[in-house]
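Single-structure report; data block below.
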Amino acid sequence: MSKDAPNKAATATEPACPVSPLGNLAIPPPSHYKPNSDGNTVVLGIEGSANKCGVGILCYNPKDETYQTLSNPRKTYVSPKGCGFLPKETAWHHQAHVVALVRAALDEAYPGEPSPERYLSGIAFTLGPGMGGPLKSCAMAARTLSLIWKLPLIAVNHCIAHIEMGRVATSASDPVVLYVSGGNTQVIAYSDGRYRIFGETIDIAVGNCLDRFARVVGLSNDPSPGYNIELEARKHTAENQLKFVELPYVVKGMDVSFSGLLTFIEDMTKKKTFVGDGPRENDDQLTTADLCYSLQETIFAMLIEITERTMAHCGQNSVLIVGGVGCNKRLQGMMADMVVDRGGTLCAMDHRYCIDNGAMIAQAGIFGLQYGSNDMVVEMKDTECTQRFRTDAVEAIWRKRTRGKHS
Amino acid sequence: MANKPRSNWSPAPPVELTSNSSLELLSQGAEARVWLLELNEPDATADSIGSVGRGRTVNVGRSISVPQLTSFAQKPSPLLVGNGVSRAVICKERFPKKYRHPQLDVSLTKSRTKGEARSLVRCQRAGVPCPNVLAIAQWPIESGEERNGMSPISYCLFMEKVDGCTVRQYLEVKSDEPAIKSVATEPALKRSKCNDETLYQPQDRVTTVIDADTLRVANTVGAILARMHTAGIIHGDLTTSNIMIRNPPAKSDDSWNPQLVFIDFGLASSISQTNQAGKKAKSHHKQQHNAEEKAVDLYVLERAFLSTHPGSDKLVDEVWRGYCEYEDASLPSGEYSQTANAVMKRLDQVRMRGRKRECFG
């Protein structure tokens, strides 16, 4: 990188996060990896499971026992309006940007350093779940760097990365996690050595539902379709109330379903009463904003309900929302309302664990490296990506083996 | 949660409930609060549900109506339990949720309360053991602020109190009995008293007890499920916490015939029956749809069993056996087993699909 890097905006500005509130097991002394000359353990993480390609550098400082994100640059592939991101084009995007992102990340973490790789102890990458092409592109980059720099590879489950970054950033030791993104809808709680999925979608993910609806009504994909739906729904104010239409509300036990709802609301946009951007001329008519508002109110209520069920089931009181849909202010507001009524706490939202990025992969990776997880510290032959990879497939060996409250 | 002092009840329950001095919060679930209350003065003149309504009833379904309670404080009390033996009643209060859109909130709580009452009555009629429905009430909550011009309303469902424990408690207590531990399928069950935060080794994991008693319970669960599904009722939230055992014996007893009671029909739905009088041939599609609904119902139970009770696979198998071996006198011979086979086949598909949810990032 050239010397003009300081002019660029910093990608990591958060303070260091202390280890102690997490309630993890004590970090064993390093045996199978080398801390750097400062005594720190530094991991570079590469994420590319969906339309975001990110590289993050995370440092563990044993003196004050903190984790700190040193840099966390990211590039997002924005697909044209009316079209989702396709695996092939997304993979091309990641291939084109991953090297520059690694350079930028190293340069920001160790400015002016001619060979910053000497500070690293390992390379973490997303093994899955995600889209095959983009995953493979980033894994290829990770393998190459591992060979060039002779560093161990750490294969990370994307969902675990969200959870761990969330725990570290909010100092939450044992929250119920609502993981809502374009591809995932899960309510997760830790129990008996693993992150267990208590409730999930039985068909499409919530983000997928929102994205597809945005495409149907022609909202832009920039910066994200979900955000544009949120903006439409925010037109609902005390003075100017949007119309709420009842949509199918499907909660089965602790699981939810969105596909019927999506079909239903898509059909509404084909009716004569749908007037697009409006304005409404009579009470029967519906605008895009009305539908966005109703859609959000309905699907978020479903999500809050299954989260509340999991809290009641596990007897846990704090909630963490992770994943792209977690950025939605209305979802956060509804969750806060529910949690306050139960006398619990909602962890603050943070872009470090809501939007896909490299630092969260490094965070889960550094746990795997430090605690010597056989699941995660892998040989070259075991680095083949997988599109399907359940959250409960990985043992969270850094956490205390508590007996699950539900079992 | 359960033993919260009155001042911490949030949101405050309706005045009609708090006016009863014996009000006790049994549990605060996600969806509703369950209260235990004792009636002040049972009405000696009323002897069945039908006669307690004082004319006011709520229609909860086709030819199903439930007495509506207007004021709880009215004397003599309009509620009478069973044959006047017990004065304790359960009130399931669906209180307004602040996070939900008011319109959605009212429509959900109302339809769920009515739906639950409907399902309970239908179960009763079909001979599926479940608590008796006593009455429905719809009361504004204390100090509720108006939202969108609607004052927040709690919907209350009054039911008979079932004495006993849940299947979950039963299985857990069993697992804790030292004498029975040797019967367990996995050895090394030397679990010291450990609370949630203590470390424990994987081999110390409590394994569910599989013995004649628990197998009998599982088998009965299957048989009752079969009866319920035959009646066209889908429970929707089958867990071991939602099935109760009436007065389980303290010791194992070979002649024990478990009296199970299914509770919490909050997510129940109904499907049109496969064998209505006169209308024989249902479309293939309809049958497929019914099998799917039933299979999903069973899948929910399977997941609840396996996640709550480690090593309970054999119990689950026994549930399925009870389900498949059920015989219904009202159906032509062989018809039920055909249906059960279709459901089991479908269950395999649902399991596959469930596992397929390994999903994208």
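The values are calculated or read from the model by the stated rules, or taken from the named source; none is laboratory data. Quantities reported herein were computed from a predicted structural model and do not represent experimental measurements. Neighbour counts run over all protein chains shown; Cβ positions are idealised from the backbone, glycine included.
Summary table below
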| quantity | calculated |
| --- | --- |
| In the stretch A:212-250, residue surrounded by the most Cβ atoms within 10 Å (Cβ to Cβ) [restricted to those that are away from chain B (no Cβ under 14 Å) and among the acidic types (Asp, Glu)] | A:Glu232 |
| Pairs, first over 13 Å from B:Asp237 (Cβ atoms) in the stretch B:288-311, second in a loop (DSSP other than H, G, I, E, B) and among the acidic types (Asp, Glu), C-beta under 7 Å, six or more apart | B:Gly311/B:Glu186 |
| Options A:Leu295, A:Leu286; residue that is more than 13 Å from chain B (Cβ to nearest Cβ) and either crowded, with 22+ Cβ neighbours inside 10 Å or on the phi < 0 side of the Ramachandran plot (or both) | A:Leu286 |
| Options A:Ile204, A:Ile265; residue that is within 27 Å of A:His162 (Cα to Cα), in the same structural domain as A:Ala336 (by TED's automatic domain parsing) and either without any contact (Cβ under 8 Å) to a residue 12 or more places away in the chain or out of contact with any Cys (no Cβ under 7 Å at 6 or more places or on another chain) (or both) | A:Ile204 |
| Residue match in the stretch A:251-258 (condition: within 14 Å of chain B (Cβ to nearest Cβ) and among the aromatic types (Phe, Trp, Tyr)) | yes |
| Filtered residues of the stretch B:326-335 (kept if more than 20 Å from B:Val316 (Cα to Cα) and of a type outside the set (Gly, Ala, Ser)) | B:Asp328, B:Leu331, B:Pro332, B:Glu335 |
| Residue list for the stretch A:298-317, filter: surrounded by fewer than 17 Cβ atoms within 10 Å (Cβ to Cβ) and either more than 25 Å from B:Thr109 (Cβ to Cβ) or touching a residue at least 40 places away in the same chain (Cβ under 8 Å) (or both) | A:Gly315 |
| Qualifying residue in the stretch A:209-220 (condition: of a type in the set (Lys, Arg), in the same structural domain as A:Arg309 (by TED's automatic domain parsing) and within 23 Å of the chain's Cα centre (by Cα)) | yes |
| Test for A:Gly343: is it out of contact with any helix residue (DSSP H, G or I) (no Cβ under 7 Å at 6 or more places or on another chain) and at positive phi | yes |
| Residues located in the stretch A:115-130, provided they are buried (at least 20 other Cβ atoms within 10 Å of the Cβ) and assigned to a loop (DSSP other than H, G, I, E, B) | A:Leu120, A:Ser121, A:Pro129, A:Gly130 |
| Members of the stretch B:235-252 found to be of a type outside the set (A, V, I, L, M), part of a loop (DSSP other than H, G, I, E, B) and farther than 14 Å from B:Lys174 by Cα, listed by number | B:His235, B:Gly236, B:Asp237, B:Thr239, B:Asn247 |
| Selection status of B:Gly53, in contact with a helix residue (DSSP H, G or I) (Cβ under 6 Å, 6 or more places away or on another chain), surrounded by 15 or more Cβ atoms within 10 Å (Cβ to Cβ) and either at pLDDT below 70 or under 24 Å from B:Asp264 (Cβ atoms) (or both) | no |
| Qualifying position, being assigned by TED's automatic domain parsing to the domain that holds A:Asn36 and either buried (at least 24 other Cβ atoms within 10 Å of the Cβ) or part of a strand (DSSP E or B) (or both), among A:Gly133, A:Gly166, A:Gly112 | A:Gly166 |
| Set A:Gly130, A:Gly166: member being more than 15 Å from A:Arg352 (Cβ to Cβ) and touching a residue at least 40 places away in the same chain (Cβ under 8 Å) | A:Gly130 |
| One residue from A:Gly253, A:Gly276 being more than 21 Å from B:Ser269 (Cβ to Cβ) and of a type in the set (Gly, Ala, Ser) | A:Gly276 |
| Any hit, the stretch A:192-200, residues being in contact with an Asp or Glu (Cβ under 9 Å, 6 or more places away or on another chain), within 14 Å of chain B (Cβ to nearest Cβ), surrounded by fewer than 24 Cβ atoms within 10 Å (Cβ to Cβ) and on the phi > 0 side of the Ramachandran plot | yes |
| Odd one out for A:Leu25 among (1) at pLDDT below 95; (2) crowded, with 19+ Cβ neighbours inside 10 Å; (3) within 14 Å of chain B (Cβ to nearest Cβ) | (2) |
| Single match in A:Lys329, A:Lys252, A:Lys270 (criterion: farther than 30 Å from B:Leu301 by Cα, of a type in the set (D, E, K, R) and under 25 Å from the mean Cα position of the chain (by Cα)) | A:Lys329 |
| Criterion: crowded, with 16+ Cβ neighbours inside 10 Å, assigned by TED's automatic domain parsing to the domain that holds A:Met165, of a type outside the set (Ser, Thr, Tyr) and at pLDDT below 95 - qualifying residue of A:Val55, A:Val19, A:Val78, A:Val42 | A:Val19 |
| Spans of helices (runs of 4 or more DSSP H) in the stretch A:282-390 with at least 3 residues farther than 30 Å from B:Arg33 by Cα and hydrophobic (A, V, I, L, M, F, W, C) | A:288-314, A:358-370 |
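A quick yes/no check of all residues on (1) more than 17 Å from the chain's Cα centre (by Cα); (2) hydroxyl-bearing (Ser, Thr, Tyr):
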position	(1), (2)
A:Cys53	no, no
A:Ala91	yes, no
A:Ile123	yes, no
A:Leu135	no, no
A:Thr144	yes, yes
A:Ile148	yes, no
A:Leu153	yes, no
